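Here's the structure, in structure tokens; my notes come after.
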Amino acid sequence: MVDSNENNNIRADLPIWGPIDLNIFKLDLRVFLISLFRKWWLLPILPLTIAIVSLCYLAVYNPKAWVSQCLLFRHTNLQMLNNETIPNIYKPVNMNAIMEMVRTRKNMREVIKRLKLPVSLNGLYAMTRVSAEDDNENMITISAAASTPQYAADIANTLADVFIENYVGMQGHSVKEVYDYYLKSRKMIQDNLKKLENQEQEYLSKYKVISVSSEMSSKFSQLNELEVKLLQARLEQAASKDRIASINGYVEKMNPEVPISYEVWSPEGADLNAMKKELLQLQQKFTNDNPRVLKVKNEVALLQAEIDRNAGKRPAPTKVYYGENPVRSALEQLKYKTFSDLSGMGNNIQQIKGAIDNLRDDLERLSRLESKFYEVKTQLQLERDQFLKVDSMISALSLALKTNVSDINILERAEPPLTPDVKHRRIKIMISTILAFLLSVAGVLLWELFDFTVKSPFDLVTVLGLRQLGTFPKVSRISVKDFKCLVQIIFQRLQEVIGDTERTVLLAVGGTETKAGKSFLIERLQTILQFQKKRSLHIVTSRHHLPPDAVVINPIIYDQAEFDASEAARQQHQVYFQLTDQTFLVPTDWAMIEHFMAKMQPHYDYVIWELFDFDDNRQLFASVAGAATIAILVARFRQSPKLALLRCIHFLRERHVTRLYGVLNGVDSPYYQPES
């Protein structure tokens, strides 16, 4: 009754870690999203609570911070920093270096001294910050944070004043040295400019050249044309030599004289005509049976056959006439003509080579001239550019010496802020709120991940490895019409699996726990079977004391007793299998179940066995499920544990029970997905 070779999606390679199947941790995304939606109240409550707690904590333990800013402006051309011609010692100070100079230990101690601050040097470092704008490096911002607004403004302004005072003193010491350096540099550049201008004029006058580049371009064009002509001439020369060698090879192989014409004479045709005439004369004198006539006929036939055999062959000439070979004469004439052309090609190649050599000499001379002239011209342009830059720096340094001012000034002094700085508080509250939201989502995820009960068809198919027969929602949440449609779908799937059979079908309906819905499913299937005029028997497994009139099938299975169909009919075709000591002591195998089913063959089309819980008697459970045409495991939504079902499925699989199907019962309406 069981096809042991049929596979029903119970994978033999399921990864098992100890007694736990790792597939149990797989999560149905649809179920998780529905659970997350149903627990929506947790998502805003927990983040809001954390935000309020964070706000209270910051208000009590984190006092308000007042931040004030002082803005400095640097009016130095920052492009001078990248000028490679100026030594580093004389370049303007780099912006990063200036930002580091603001909070030197000397400046910070002076600020503490002037304001009489009750803080340490490290404390003042923590209260101040120096930054520059990304899009404008000439702007420097000094920020100070303190417990009062005036306190913050005083620290920022005092730090700016102290920095500028020290910076001006340091800068004034080196400005004179920089100014002297630029004066010397300008004198040297002026001398170099005068020398290069004279050298440029000397080159132009000496070589009488207006434009070296245009002259070289013209010479290069002529050189390219001559080189192309030289290449073509050499190719033609090589081709002529090859032609002469080829002609000589052909001439040596040819004969001086060749046959001009020939004569052919064939005597067979004349003999045949003569013999035909002779045969005609004999036929006029004698009959066809005459020996002479027969002899001539045979000779005519033999001669005709000989002529037919030689019809495709060329006859041998009788006379041949010889004369001078015309092909050889034509080739010799072509060879003499090629010799004359080859001589002219050699002279042409020599003339082209001479012209190319002259052009190369001219180009070499112009190249040397251009190199020297270009070098002088480039140096002259560089010196002029350098002179302009140095002259502008001298003007700026001269003004700095006369005014003795710094290139950094206070653009906007710090003022006491009107409101405290809440930026950091907002960031902390926002971070705590986001973390609380993520913790809420993670809590729902962990709740679903470690809820090891069956919740969806995904668990039946993917986790448990069963074929799905169907899913029942809670009866109170669905109409009677829709519920009957679901039952019909399950029954139709059962019919497709069972197929056409003349034997009594045994359906084993079991599970791992009570109140999973086994009786509920069996009653619905029996209702459909009654409408289809199918005879069905319901076997109920019981461990309790039964009434005296109850029909018990234990003697039929264990003692080979006969089955009384009339008694079963009086009990509405419901019989009992009682779990007694005998069921635990006497092993029940497939042969006993099949023998019992043979006795049911004349009386019933379907036998539906409502099995006991798996843990009550595992071996008997496996025997009945293995002998059944189809074994159905019924699981209840969020009640049937997946671990118990996995133990049951693995136990059945080890005993070659393959035709296992699953039904999920009592699904909550938000989680229920209608059959497609």
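The values are calculated or read from the model by the stated rules, or taken from the named source; none is laboratory data. Keep in mind it's a predicted model, so treat the numbers as computed, not measured. Methodologically, a virtual Cβ is constructed for each residue, glycine included, from the backbone with ideal geometry; neighbour enumeration extends over all protein chains shown. Keep in mind that these areas ignore ligands, DNA and RNA; they rest on the heavy atoms of the full protein, side chains included. Shrake-Rupley method; radii C 1.70, N 1.55, O 1.52, S 1.80 Å.
Every listed requirement among (1) under 19 Å from Tyr671 (Cα atoms); (2) modelled with pLDDT of 85 or more; (3) surrounded by fewer than 18 Cβ atoms within 10 Å (Cβ to Cβ) is met by Lys474 save one, (2).
The rows are residues; the columns are (1) farther than 22 Å from Ser340 by Cβ; (2) at pLDDT below 75; (3) open to solvent by less than 80 Å² (accessible area, probe 1.4 Å).
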site	(1), (2), (3)
Lys241	no, no, no
Ile244	no, no, yes
Glu257	yes, yes, no
Ser261	yes, yes, yes
Ala270	yes, yes, yes
Ala274	yes, no, yes
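For segment 512-553, filtered to residues that are open to solvent by less than 40 Å² (accessible area, probe 1.4 Å) and β-branched (Val, Ile, Thr), the residue that is nearest to the chain's Cα centre (by Cα) is Thr512.
Could you say whether any residue in segment 330-341 is more than 30 Å from Lys194 (Cβ to Cβ), open to solvent by 40 Å² or more (accessible area, probe 1.4 Å) and either modelled with pLDDT under 75 or assigned to a strand (DSSP E or B) (or both)?
Step one: filter segment 330-341 for residues more than 30 Å from Lys194 (Cβ to Cβ), giving 330-341.
Of the ones still in play, those that are also open to solvent by 40 Å² or more (accessible area, probe 1.4 Å) are 330, 332-334, 336-337, 339-341.
Right, trim to either modelled with pLDDT under 75 or assigned to a strand (DSSP E or B) (or both) and you get none.
Within segment 330-341, not a single residue is more than 30 Å from Lys194 (Cβ to Cβ), open to solvent by 40 Å² or more (accessible area, probe 1.4 Å) and either modelled with pLDDT under 75 or assigned to a strand (DSSP E or B) (or both).
Within segment 651-660, the residues that satisfy the criterion of being in contact (Cβ under 8 Å) with a residue 12 or more places away in the chain, open to solvent by 10 Å² or more (accessible area, probe 1.4 Å) and at negative phi are Phe651, Arg653, Arg655, Thr658, Arg659.
Only residues that are under 16 Å from Ala97 (Cβ atoms), touching a helix residue (DSSP H, G or I) at 6+ places or on another chain (Cβ under 8 Å) and either open to solvent by less than 30 Å² (accessible area, probe 1.4 Å) or without any contact (Cβ under 8 Å) to a residue 24 or more places away in the chain (or both) were counted in segment 147-171, giving 2. Taken over segment 488-531, the residue count meeting the criterion of being within 28 Å of Ser542 (Cα to Cα), of a type in the set (Val, Ile, Thr), part of a helix (DSSP H, G or I) and in contact with a strand residue (DSSP E or B) (Cβ under 8 Å, 6 or more places away or on another chain) is 3. Residues satisfying the criterion are present in segment 458-469 (criterion: more than 33 Å from the chain's Cα centre (by Cα), open to solvent by 10 Å² or more (accessible area, probe 1.4 Å) and modelled with pLDDT of 80 or more). Scanning segment 578-620 for residues that are at pLDDT below 90 and among the hydroxyl-bearing types (Ser, Thr, Tyr), we see that the one that is most open to solvent (accessible area, probe 1.4 Å) is Thr580.
Check Leu506 against each of (1) at pLDDT below 85; (2) surrounded by 20 or more Cβ atoms within 10 Å (Cβ to Cβ) and name the one condition it does not meet. Looking at each condition in turn, Leu506 falls short on (1).
Just checking, which of Ile356, Ile429, Ile434 is more than 30 Å from Gln201 (Cβ to Cβ), open to solvent by less than 70 Å² (accessible area, probe 1.4 Å) and modelled with pLDDT of 80 or more?
None of the others qualify; the one that does is Ile356.
Reported count of residues in segment 554-571, each being open to solvent by 70 Å² or more (accessible area, probe 1.4 Å) and within 14 Å of His603 (Cβ to Cβ), is 3. Looking at segment 128-146, is at least one residue part of a loop (DSSP other than H, G, I, E, B), at pLDDT 80 or above and open to solvent by 30 Å² or more (accessible area, probe 1.4 Å)? Checking segment 128-146: at least one residue is part of a loop (DSSP other than H, G, I, E, B), at pLDDT 80 or above and open to solvent by 30 Å² or more (accessible area, probe 1.4 Å).
Of the set (1) farther than 30 Å from Leu643 by Cβ; (2) in contact with a Pro (Cβ under 8 Å, 6 or more places away or on another chain), all apply to Glu513 but (1). Of all residue pairs spaced 6 or more apart or on separate chains, those with beta-carbon atoms under 7 Å, a first member in segment 390-405 that is over 24 Å from Phe163 (Cβ atoms) and surrounded by 13 or more Cβ atoms within 10 Å (Cβ to Cβ) and a second member that is hydroxyl-bearing (Ser, Thr, Tyr) and modelled with pLDDT of 75 or more are Val390/Tyr182; Val390/Ser185; Met393/Tyr182; Ile394/Tyr182. Among the residues of segment 467-487, those that are of a type in the set (A, V, I, L, M, F, W, C) and part of a helix (DSSP H, G or I) comprise Val475, Val480, Phe483, Cys485, Leu486, Val487.
Checked against (1) over 19 Å from Ser221 (Cβ atoms); (2) of a type outside the set (Ser, Thr, Tyr); (3) modelled with pLDDT of 80 or more, Val376 passes all but a single condition, namely (3). Only one of the numbered conditions (1) loosely packed, with under 13 Cβ neighbours inside 10 Å; (2) of a type in the set (Val, Ile, Thr); (3) modelled with pLDDT of 80 or more is violated by Ile349, and that is (1). None of Ser217, Ser221 is closer than 13 Å to Leu359 by Cβ, at pLDDT below 80 and part of a helix (DSSP H, G or I) except Ser217.
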